[in-house]
Amino acid sequence: MRKISMQEVERHNTPDDCWVVINDKVYDLSTFQSTHPGGSEIITDNAGKDVSNLFNEVHPKDIVERLLSPDACLGFVDEETVDPAKHTVAGKEKAPSRAQQHVLEPQAAGKTEG
C-alpha cells in the first residue's frame, strides 16, 4: 500500500471528494458517505481529517472490513507528514454512545413540546 501525506488527505475535504484517516489508513468515503447508517453529515463534516478517535468511540473494530469495499482503502497515512500541532484530529472529545443519544433525543423533544 502506498503512503499518503496528511496534506494530501486534507485536500480531499468535500462531499464529492471525501478522504479520512482511520487508524493510520486513508479511506475514500466519497461514495460510502451517502449510505452511512449514521448519516452522511458526520462524514462530510470531518472530510480531510484524522477521525480515528471519533470512529473508535462509536464503531466496532471490524466495521470497516464489513461495510467498505477493499478499494476504499487508498493506503497508509505517512506519519512523517503528520504534525500534531497543525493537523485536525476529529473526535478528541468523547462522542456520546448510542444509548446516550437515545436518552438525549427525547429530552430535546420534550423541551420543544412544552
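General remarks:
- Residue under evaluation GLY91, criteria (1) out of contact with any Ser or Thr (no Cβ under 7 Å at 6 or more places or on another chain); (2) at pLDDT 85 or above; (3) surrounded by 15 or more Cβ atoms within 10 Å (Cβ to Cβ); (4) not charged (D, E, K, R), criterion not met: (2)
- When HIS59 is tested against (1) farther than 20 Å from ASP17 by Cβ; (2) surrounded by fewer than 13 Cβ atoms within 10 Å (Cβ to Cβ); (3) not acidic (Asp, Glu), just one condition goes unmet, and that condition is (2).
- Residue check, SER30 of a type in the set (Ser, Thr, Tyr) and within 20 Å of MET1 (Cα to Cα): yes
- Total residues in the stretch 62-83, condition surrounded by fewer than 17 Cβ atoms within 10 Å (Cβ to Cβ), β-branched (Val, Ile, Thr) and within 20 Å of ARG2 (Cβ to Cβ): 2
- Within the stretch 29-69, the set of residues being of a type in the set (A, V, I, L, M, F, W, C) and touching a residue at least 24 places away in the same chain (Cβ under 8 Å) comprises LEU29, PHE32, ILE43, ALA47, VAL51, LEU54, PHE55, VAL58, VAL64, LEU67, LEU68.
- Subset of the stretch 3-19 that is free of Cβ contacts under 8 Å to residues at least 40 places away in the same chain and surrounded by 15 or more Cβ atoms within 10 Å (Cβ to Cβ) - its residue that is nearest to the chain's Cα centre (by Cα): CYS18
The values are calculated or read from the model by the stated rules, or taken from the named source; none is laboratory data. Note that the coordinates shown come from a computational prediction; the quantities given were computed from them, not determined experimentally. Ideal geometry is used to build each Cβ from the backbone, glycine not excepted, and the neighbour counts take in all protein chains shown.
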